[in-house]
Amino acid sequence: MTDGYQALTEKEKQTLRLLLAGHDAKSMARHFGLSVHTINERLRDARRKLSASSSREAARLLREAEGADPQLVGDSGIGDALAAPPGQAGVTAKPGPHRRAAWAIGGIAMFSLAIAALALSAAPQHRPATAAQSAPAPVAETRATQAARAWLALVDAQKWQESFAGTTQRFQTVNTYEMWHKASVEGRVPLGRVLSRRLLGAEDIPGPGDGNQLVRFEADFANKPHAIERLVLVEEGGTWKIVGYIIE
């Protein structure tokens, strides 16, 4: 396993991390600006190096090799999100004015959307309702969704110190406040102020800790209408804290 992990290229690792975060070959191709064929080649090479029978097994093996929290990369709206090597932290990406599809920040090395297995691939993907669809019924608030709203309000207000304090201890151990601040300024600020935000749902997901919740919102930003926000929260010391966030 160690030899196989060392043989992986950084691009193959990034592709497997996206798979962990719930992406399929098409969304990964959009993220990297590549063809689906190229993505499938990366996954095939990763399977071969890790002696895995499937791409998801290869992603799981990568997660195990990198520790409890995978390094995460989402459909990054701030350019090609480059994950740091295992054991290092980083929330960096180059600005990309033509690729502002989403903002992802996250866990070990990147505050994007996943935690341990995080199983986002198994979580249902929700899209904004179209005009032809009937208005959805309001979703009941929980402690986790209220905590998510409160944390998002800090991010909306550009209160980076306070929002950093609302992340998990594990995140703060591997990511400095300076990294968080830089990623936020590069990724969140260009979206503009939030005009509206509606809770879509919340559900339990697998992962370490006392509890793990995936919370989804539909948000309209000044520069990005009809965005979907997905947050992962972990109950830490009786308080719900953020371990993952992505805007699509």
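The values are calculated or read from the model by the stated rules, or taken from the named source; none is laboratory data. Since the model is a prediction, treat every value here as computed from it, not as a measurement. Here Cβ is always computed from backbone atoms with ideal geometry, including for glycine, and neighbour counts include all displayed protein chains.
Scan region 200-211 and report the pairs whose first residue is in the same structural domain as LEU233 (by TED's automatic domain parsing) and whose second residue is at pLDDT below 65 and crowded, with 19+ Cβ neighbours inside 10 Å, with Cβ atoms within less than 6 Å and a gap of 6+ or a chain change.
Close Cβ pairs (under 6 Å, with a partner that is at pLDDT below 65 and crowded, with 19+ Cβ neighbours inside 10 Å) amount to PRO206/ALA117; GLY207/ILE115; GLY207/ALA116; GLY207/LEU118; PRO208/ALA116.
If PHE171 passes every condition in (1) assigned to a loop (DSSP other than H, G, I, E, B); (2) at pLDDT below 85 but one, which one does it miss?
Only one criterion in (1) assigned to a loop (DSSP other than H, G, I, E, B); (2) at pLDDT below 85 is unmet by PHE171, namely (1).
Which of the residues that make up region 150-175 are touching a residue at least 60 places away in the same chain (Cβ under 8 Å) and loosely packed, with under 15 Cβ neighbours inside 10 Å?
Selection gives GLN169 alone.
Every residue in region 25-51 that is more than 21 Å from the chain's Cα centre (by Cα) and basic (Lys, Arg), please.
Correct list: ARG44, ARG47, ARG48, LYS49.
List pairs: first in region 37-53 and assigned by TED's automatic domain parsing to the domain that holds ALA25, second hydrophobic (A, V, I, L, M, F, W, C) and not in a helix (DSSP H, G or I), Cβ under 7 Å, 6+ apart or cross-chain?
Cβ pairs passing all conditions: ALA46/LEU8; LYS49/LEU8.
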